[in-house]
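S.K.: One structure coming up, written as C-alpha cells, with questions to follow.
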Amino acid sequence: MQAKHHEQAEARRLRAEGRSLNEISDALGVSKSSASLWVRDLPRPPRSQQDRDERRRHMEEVCWGPRRARREALHRVERETAAGAVQSLGERELFLLGVGLYWAEGTKSKAWRTQHKVQFVNSDAGMIDVFLAWLDLLGVERDRLRFAVSIHESSDIPGAENGIGPIRWACQPRRSTGPS
C-alpha cells in the first residue's frame, strides 16, 4: 500500500511540473487511468502553441490521413463506376438534364421582374460543360452568350481567369464582363 502512496505523490508532483497524463503514466509505469485518478483534482497544464500544432499534425497524419485516403479511393471508384454506367448521353437525356440544371441553377422570369434571358450560376466546370452542351442542343448560338465570373476578392482572380474548360472560354475578353 505504501508503494501506491509514493506513486500517487510522485504523480501529483509531475502534474504540478506540467506533465501530461501520458508522460506521468509512462514515467511511473502505471496505467493512464490510475494516473488520471491520482491527479484529477489538479489543473491540466496549459498546452503551448507548439504542442497544439504538433497534436494537430499528428491527428491529421496518423488519424485522419489514412481515413481521408480510404474515403478518396472510395469516391474515385464511385465516380469511375458512375461514369462507366452513364457513358454518353443521348439527345433526350441531355435535354432533360439541361432542363433540370436550369430549373435548379438558373434564374427565371418573375411576375415582378420579367426578363427574356437565361442565367445559370454554378462553379463546377462539369456542370457548365453540360449546360453549354444543352444550349448547343437547343440551337443557342455561342456568340449570343455572355458570361460573368463572380469570385471572392481574396481568391486568385488571374488564376480563375486563366482556368480550364468552359471557364477559360467564358473569360475571353469579348465574352466576359469580368470578375465581380
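The values are calculated or read from the model by the stated rules, or taken from the named source; none is laboratory data. Everything quoted here is computed from the prediction, not taken from an experiment. Using ideal geometry, Cβ is built from the backbone for each residue, glycine included, and neighbour counts are taken over all protein chains shown.
S.K.: Taking into account only those residues within segment 59-85 that are surrounded by 11 or more Cβ atoms within 10 Å (Cβ to Cβ) and of a type outside the set (Phe, Trp, Tyr), which is nearest to LEU21 (Cα to Cα)?
M.R.: First pass over segment 59-85, keeping only residues surrounded by 11 or more Cβ atoms within 10 Å (Cβ to Cβ): 59-60, 64-65, 68, 71.
Now drop any that are not of a type outside the set (Phe, Trp, Tyr), which leaves 59-60, 65, 68, 71.
Values: MET59: 18, GLU60: 22, GLY65: 25, ARG68: 29, ARG71: 33 Å.
Only one residue tops the list, namely MET59.
S.K.: Next question. Let me confirm something: among SER123, SER109, which residue is hydroxyl-bearing (Ser, Thr, Tyr) and more than 25 Å from SER88 (Cα to Cα)?
M.R.: Of SER123, SER109, the one residue that is hydroxyl-bearing (Ser, Thr, Tyr) and more than 25 Å from SER88 (Cα to Cα) is SER109.
S.K.: Now for a different question. Can you pull out the helices (runs of 4 or more DSSP H) entirely within segment 35-122 that have at least 2 residues that are outside the structural domain of VAL140 (by TED's automatic domain parsing)?
M.R.: Numbers: elements: 49-58, 65-86, 91-105.
Because the criterion is at least 2 residues that are outside the structural domain of VAL140 (by TED's automatic domain parsing), the helices (runs of 4 or more DSSP H) in segment 35-122 that meet it are 49-58, 65-86.
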